[in-house]
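Each reported figure results from applying straightforward, stated rules to the coordinates on display, with no laboratory input. Every value quoted in this text rests on a predicted model; they were computed, and no experiment measured them. Positions of Cβ are generated from backbone atoms using ideal geometry, with glycine treated the same way; all protein chains shown enter the neighbour counts.
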Amino acid sequence: MDDEVVSVAGLHVTYRVGRAEVFAVRGVDFHLRAGECLAIVGESGSGKSTVARALVGLTGPGARLRSDRLVVSGQELSRLGDREWRRIRGAQVGLVLQDALTALDPLRTVGAEVAEAARNHGLVRRGEVARRVHRLLTDVQVPQPELRARQYPQQLSGGLRQRALIAAAMAADPPVLVADEPTTALDVTLQAKLLDLLAARKAAGTAVLLISHDLSVVALLADRVAVMRDGEFVETGCTADVLRAPEHPYTRQLLAATPSAHARGARLAGPRSTPARTRTPRPSGVLARVREVSKTFRGPGGARLAAVSEVSFSLSAGEILGVVGESGSGKSTLAHLLLGLLEPDTGTIELFGQPWSGVPEARRQRGRVQWVQQDPLGSFDPRYRVGRLIAEAGVDRARVRELLDQVGLDPAMADRHPRTLSGGQRQRVAIARALARDPEVIVCDEPVSALDVSVQAQILDLFADIRADLGTALVLISHDLAVVHHVADRVLVMRAGTVVESGPVTEVFARPTHPYTAQLIAALPRPGDAYAAHPEGVA
Amino acid sequence: MTTVLTPVTAPVARARPALVLAWVGLGLLALAAAWPALLATAAPDTVDPASALAPISPHHPFGTDQLGRDVYSRVVYGTRMSLLIGLGATTLAVTVGALLGVLAAAAGRAVDELFMRITDILLAFPGLLLALLVIAVLGPGAVNTTIALACAAVPGYVRLARGQALVVRRSGYVSAAVVMGRSRVGIFFGHVLPNALPPVLAFAAVDVGTALMASASLSFLGLGAQPPAPEWGSMLAEGRDYLDSAWGLTVFPGLVVTAAVIACYVVGADLRARFEGRGTGGR
């Protein structure tokens with residue numbers, strides 16, 4: 001095969017942890033041709049990022065790399081020294097990282113960052129740098145490239161930063177582009193745009209290695225898919241085949257865990273492990289009434305920025321209300337208002353038939369409305385162990401054990417430190433804590449967006465169980481429409497601080513009335529129908 | 001072809017001779033402060049005019065002063081006073097500073113403003129000048145020197161502790177505690193204070209060396225420990241007049257001060273790195 005740009009055989013990467021050697025990658029083979037996209041899909045810890053980093057020689061300190069073949073553009077890479085690697089990086093292989101904010105130097109302008117690779121490899125003369133940067137930024141559809149090139153990364157939105165990062169990776173025109181979770185931090189509409197950009201690079205002849213945990217993202221771009229687990233490819237094949245007829249049980253499990261692949265409300269992670277409990281009888285009726293609530297913050301230069309404006313809705317007992325919107329649409333501000341962490345500027349919030357906004361703290365019945373945050377670790381005092389974290393809600397040890405059992409954790413975990421738990425376990429602890437005082441409402445702010453698909457599936461199932469067993473109403477805030485569609489009864493679609501559409505989930509998804517909702521739904525990747533775009537997937 | 005790539009940067013368990021040496025030095029200082037008789041060769045105040053200003057000899061390793069007292073033994077006996085002033089001033093400054101700083105962050109806007117403007121004024125003066133002002137009011141002496149040095153260091157700690165407390169106050173776990181219905185006082189003692197404190201203590205570890213130096217400076221000016229009590233700073237001052245005839249009188253106490261300050265810095269910096277989790281490194 002002459003047109004193979006990347007050819008890897010028998011790649012092993014081990015890390016030394018203390019005295020032990022831990023395998024991150026064990027025996028991986030793949031190849032990539034010009035204009036082809038291979039996606040490596042797996043959950044966190046599967047070794048997919050290590051494979052990506054091996055291609056740029058950045059496996060990090062303590063890593064040992066062994067391979068039968070590691071060839072990029074006809075050059076064997078496995079024996080390179082630091083200086084030779086620098087000639088490969090950027091020039092032969094471009095790397096796009098997940099987190100554009102930390103990947104860009106805050107002290108340098110976007111233009112300087114984008115130009116760096118081209119300059120390092122001596123591809124442009126000084127006078128031409130500005131023109132080159134302009135072209136690169138235009139290529140990745142950054143509007144007003146002259147202005148953006150002079151700005152600093154933190155002045156750009158997440159989507160623009162990610163595009164600038166791609167421009168930087170493409171600066172020296174490398175034949176191979178490695179994209180490590182390029183869309184994970186982005187909202188659906190931005191994600192769709194970014195995938196289009198990568199598709200354009202691919203069409204221009206660049207070989208793309210896409211690393212992702214999300215099968216639906218992969219379906220839109222990849223010609224071939226390799227499903228990775230515990231450092232090995234468990235299944236490889238053409239995208240359409242793997243998604244339509246997965247052979248390995250793990251691939252099937254991953255596909256099953258993706259919410260959009262299911263009928264609404266179906267269990268995602270298999271039958272429930274904890275026994276169903278008898279439902280505590282709860283009064284029905286309206287729990288929360290939010291009337292024309294607005295909240296503004298002081299922006300740079302003293303201007304008032306409206307985070308939430310004139311939002312009205314109500315929440316009924318035992319209901320799951322989904323709140324969808326892009327980052328910056330005011331979802332989290334709304335959560336803080338509902339939790340009484342912020343006071344609205346205008347409008348009123350009523351909870352349980354009593355005023356909630358504008359009342360002194362002592363009058364609030366805090367135990368009745370609880371909170372699950374996006375980052376469980378950040379919501380835990382770093383000095384506390386699991387048991388103490390839950391007990392802080394004002395419950396005794398017996399209740400802590402009962403709660404841990406209820407969220408599917410071993411009660412013995414009360415003595416563990418949250419740092420030693422997995423992401424899913426941490427979120428279960430946070431849910432156990434929220435349940436401690438048997439609240440009527442739990443506000444969940446992006447509760448699954450930091451989790452792997454299969455773990456996300458378990459947590460979504462847990463939410464469904466909690467509602468069924470305890471009759472707790474949930475406000476589920478998410479940027480992920482598939483998640484909201486799967487579990488919510490009603491949905492609010494937010495944009496720029498206002499609710500543009502609301503109603504029962506099935507109705508809104510079937511017949512969106514607002515163009516923005518329609519756009520969001522259209523941008524939603526679905527593993528079920530996307531490979532129509534790639535009929536000629538080559539294995 | 002199977003190739004084995006050697007790691008670019010291997011994790012090396014680096015031996016830190018400077019750190020070991022600093023710990024040994026601090027150990028010796030602690031020993032000298034606790035049981036000076038163990039290390040000294042003579043009593044610090046035995047006057048022997050016959051052997052005044054004697055040069056270095058096996059009998060007097062650092063020589064003798066103008067009254068024939070053994071300089072080495074006086075340095076050993078002086079350790080207690082110097083360390084007490086240095087440690088005492090730092091402890092006092094941390095306790096008061098951290099408390100005021102965390103309070104400023106937790107209390108309302110008005111208290112915060114008041115505290116911060118006062119620290120702004122105090123920080124405008126050089127620390128040593130501030131200490132001199134306090135001594136001018138209180139009068140010289142070891143205890144007053146300690147208080148003066150603490151006063152000079154407090155504003156810095158107020159600032160640091162307030163900053164840390166503000167970070168903690170904005171954290172997810174404090175919001176979580178509010179939602180769980182914990183009281184302001186409960187949150188202050190349960191979350192804000194214990195989480196804001198470690199970085200402040202880490203800073204204090206480095207600051208002990210500075211306080212040690214400042215205490216020697218004040219004693220040098222005759223404002224700290226009063227003669228005939230042996231103290232490093234005052235020994236330096238006394239020996240100054242004999243610099244050309246008996247240089248050991250100033251050089252040896254000076255060297256000990258320098259070594260002690262460096263040891264404090266090295267150990268303090270290491271403790272700070274550990275506190276802040278930099279010591280763990282690597283992913």
Derived scalar couplings ³J(HN,Hα) [region B:47-59; Karplus, 6.51 cos²θ - 1.76 cosθ + 1.60; whole Hz; x for Gly, Pro] | 8, 9, x, 4, 10, 5, 6, 6, x, 5, 8, x, 6
Each label sits 7 Å from Cα toward the beta-carbon; between A:Glu247 and B:Ala124 the label points are separated, in nm, by 7.9 nm
For B:Gln66, which sequence-distant residues (separation of 5 or more, or a different chain) have an amide H within less than 5 Å of its own amide H, given hydrogens modelled in the peptide plane?
-> B:Leu53
HN-Hα J in Hz across region A:33-46 - Karplus 6.51, -1.76, 1.60, θ = phi - 60°, x for Gly and Pro = 9, 4, x, 10, 10, 10, 10, 9, 10, x, 8, 4, x, 7
With the contact rule set at Cα under 8 Å and sequence spacing of 6 or more, what percent relative contact order holds for chain A?
-> 16 percent
Apply 1/(1 + (r/R0)^6) to the Cβ-Cβ distance of A:Leu147 and A:Leu107, taking R0 = 22 Å, and write down the FRET efficiency to the nearest 0.05.
-> 0.70
Non-local residues with an amide H under 5 Å from the amide H of A:Glu310, with H modelled 1.01 Å from N and Pro and chain starts lacking one, are A:Val293, A:Ser294, A:Lys295
Note down the nm distance, to one decimal, between modelled labels 7 Å out along Cα→Cβ at A:Ser284 and at A:Arg419.
-> 5.0 nm
With the Cα gyration tensor of region A:94-173 giving a ≥ b ≥ c as the square roots of its eigenvalues, does the rule (a/c under 1.5 for rounded; else a/b larger than b/c for prolate; else oblate) give rounded, prolate or oblate?
-> prolate
Here the percent of antiparallel bridges among DSSP beta bridges lying wholly in the protein assembly as shown, to the nearest 5, is 60 percent
At R0 = 45 Å the Cβ-Cβ FRET efficiency linking A:Arg26 and A:Asn120, nearest 0.05, sits at 0.85
In deg cm²/dmol and to the nearest 500, what is the mean residue ellipticity at 222 nm of the protein assembly as shown if only DSSP H runs of at least 4 residues count, each as -39500 (n - 2.57), divided by the residue total?
-> -14000 deg cm²/dmol
So what's the angle, to the nearest 10 degrees on a 0 to 90 scale, between helix B:109-124 and the longest Cα principal axis of chain B?
-> 30 degrees
Starting from the amide H of A:Gly318, placed 1.01 Å from N in the peptide plane, find each other amide H under 5 Å away whose residue is 5 or more places distant or on another chain.
-> A:Ala473
Other chains near A:375-383: what is the mean number of their Cβ atoms within 10 Å of each residue's Cβ?
-> 5
By Kyte-Doolittle mean hydropathy of at least 0.5 and Cα axial length of at least 24 Å, which whole DSSP H helices of chain A are selected?
-> A:453-470
So the FRET efficiency between A:Asp469 and A:Thr506, C-beta based with R0 = 22 Å and rounded to 0.05, is 0.40
Where a label projected 7 Å from the Cα of A:Arg368 along Cα→Cβ would reach, residues of region A:324-352 with amide N under 13 Å | A:350-352
Separation of the B:Val185 and B:Glu113 label points, Cα + 7 Å toward Cβ, nm = 2.7 nm
Near-label residues of region A:375-406 by backbone N, under 15 Å of a point 7 Å along Cα→Cβ of A:Leu341 | A:375-381
Please list, or write none, the lysines whose alpha carbon is within less than 29 Å of the alpha carbon of A:Lys193, excluding same-chain residues fewer than 8 places away.
-> A:Lys48, A:Lys202, A:Lys331
Place a label point 7 angstrom from the Cα of B:Val47 along the Cα-to-Cβ direction, then list the residues of region B:229-272 whose backbone nitrogen is under 13 Å away.
-> B:229
